[in-house]
Amino acid sequence: MEQPRAIAAVTSAATADPVEAILQVLRSGERFLVCSHSRPDGDAVGSILAMGMLLQQMGKRADLVTADRVPVIYRSLPQAGSIHTALRVHGPYDAAILLECDGLGRTRLRGLDEFFIINIDHHASGRPWANLNWIDREASSVGELVYRLVKAAEVTVTPEMASCLYATVLTDTGGFCYGSTRASTFALARDLVEAGANPIRIAQDVYFSAATSKMLLLGAALGNLHREGRLAWLWVTHDDMVRTCASEEDCEGIVNYALSIAGIEAAAFLRELPERRIRLSLRSKGKVNVAAIAERLGGGGHENAAGCTLEGPLSRALEEILAQLRLGVAALGPGTG
Ligand SMILES: [Mn+2]
């Protein structure tokens, strides 16, 4: 598809200042598509919403689309209802903005390949694969990058926008616990609270609003908890999912219970999918790079939090991931436990 001349012109200047290059595209266009990865998390939802609000304030039209529905715990974010669920997108759009996707496939949306793509990412697995790329692996969340865009565009950080962005920082740092948390993260959180985000309400919605099915599923997973030295893992079968009436989003965070054990450096949570493939979540306390392991197995993510999908059965996927994790832990040298 032929690009508007203004957009083609800024592409070459993109490497110099990606923020300015992106703003030039936003200013020169009228209609934009904003997407993120399938199974959207707090960073995906919050940054899509804030990006939509930025475009609105710039007088642009923005369609917000994800392949999977917004998880219940994020539905109280301002304008969460404006995110549409679809498996195919239709233009015309002047550009599609993809937030934290290391390729078109990550969205599980069809029809994106005809658009000019802006890729904004902060994952260790992030690559400059799109027409215009802004990858900052130091950022706590992709929401932090959207915030920088908002400041550079000189639009107002409304309380609604601040709430969405605060949710991205809160969730992507695991409640200010992960390695990406630094002084600048708290400075950003402070700015957002001053701009009107309510940290208590957002934390209650995210961390104290679990479905009963999630607790029942957690019980099943903890019944399958195993430890070997500095590794811990747990799993749920498809039958466990059915028996507890659990949905996919109820699996979110279960891996952290394995990681929370003293002396554990890396943890894995395995979930048997209906078609018997195995979805894997990996977590590390910082010494084992689980993004590298996930990438070797066809997935991706951050050094501390990553995922991938393996062929079943469960026992085979477990052996495959344990072999990788054992190597990762052995490379740390002798340790206790
Ligand atoms: Mn993120």
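The values are calculated or read from the model by the stated rules, or taken from the named source; none is laboratory data. Please read all numbers here as calculations on a predicted model, not as lab measurements. FYI the Cβ positions are ideal-geometry reconstructions off the backbone, even for glycines, and counts take in every protein chain you see.
The listed residues are Glu295, Glu275, and the only one of them that is among the charged types (D, E, K, R) and assigned to a loop (DSSP other than H, G, I, E, B) turns out to be Glu275.
Within region 225-244, is there a residue that is within 16 Å of the ligand (Cβ to nearest atom), closer than 30 Å to Glu320 by Cα and part of a loop (DSSP other than H, G, I, E, B)? No, region 225-244 contains no residue that is within 16 Å of the ligand (Cβ to nearest atom), closer than 30 Å to Glu320 by Cα and part of a loop (DSSP other than H, G, I, E, B). Among the residues that make up region 231-248, is at least one of them within 19 Å of the chain's Cα centre (by Cα) and either farther than 19 Å from Arg39 by Cβ or among the small types (Gly, Ala, Ser) (or both)? The answer is yes, given that some residue of region 231-248 is within 19 Å of the chain's Cα centre (by Cα) and either farther than 19 Å from Arg39 by Cβ or among the small types (Gly, Ala, Ser) (or both). Gly253 falls short on exactly one of the conditions (1) within 16 Å of the ligand (Cβ to nearest atom); (2) modelled with pLDDT of 95 or more, and that condition is (2).
The single condition among (1) free of Cβ contacts under 8 Å to residues at least 24 places away in the same chain; (2) closer than 20 Å to Ala16 by Cβ; (3) touching a strand residue (DSSP E or B) at 6+ places or on another chain (Cβ under 7 Å) that Arg88 does not satisfy is (2). Going by the structure shown, is Ile264 part of a loop (DSSP other than H, G, I, E, B), more than 20 Å from the chain's Cα centre (by Cα) and β-branched (Val, Ile, Thr)? Considered against the rule, which asks whether it is part of a loop (DSSP other than H, G, I, E, B), more than 20 Å from the chain's Cα centre (by Cα) and β-branched (Val, Ile, Thr), Ile264 comes out as yes. Picking from residues in region 45-72 that are within 16 Å of the ligand (Cβ to nearest atom), touching a residue at least 40 places away in the same chain (Cβ under 8 Å) and among the aliphatic types (A, V, I, L, M), the one that is farthest from Ala153 (Cα to Cα) is Val45.
Residues of region 148-168 include none that is closer than 30 Å to Ser260 by Cα, crowded, with 24+ Cβ neighbours inside 10 Å and either modelled with pLDDT under 95 or touching a Cys at 6+ places or on another chain (Cβ under 8 Å) (or both). Out of the residues in region 100-147 meeting the condition of being of a type in the set (A, V, I, L, M) and farther than 21 Å from Thr85 by Cα, tell me which one is farthest from the ligand (Cβ to nearest atom). That would be Leu132.
For Cys308, the stated conditions do not hold, so it cannot be described as at pLDDT 95 or above and assigned to a loop (DSSP other than H, G, I, E, B).
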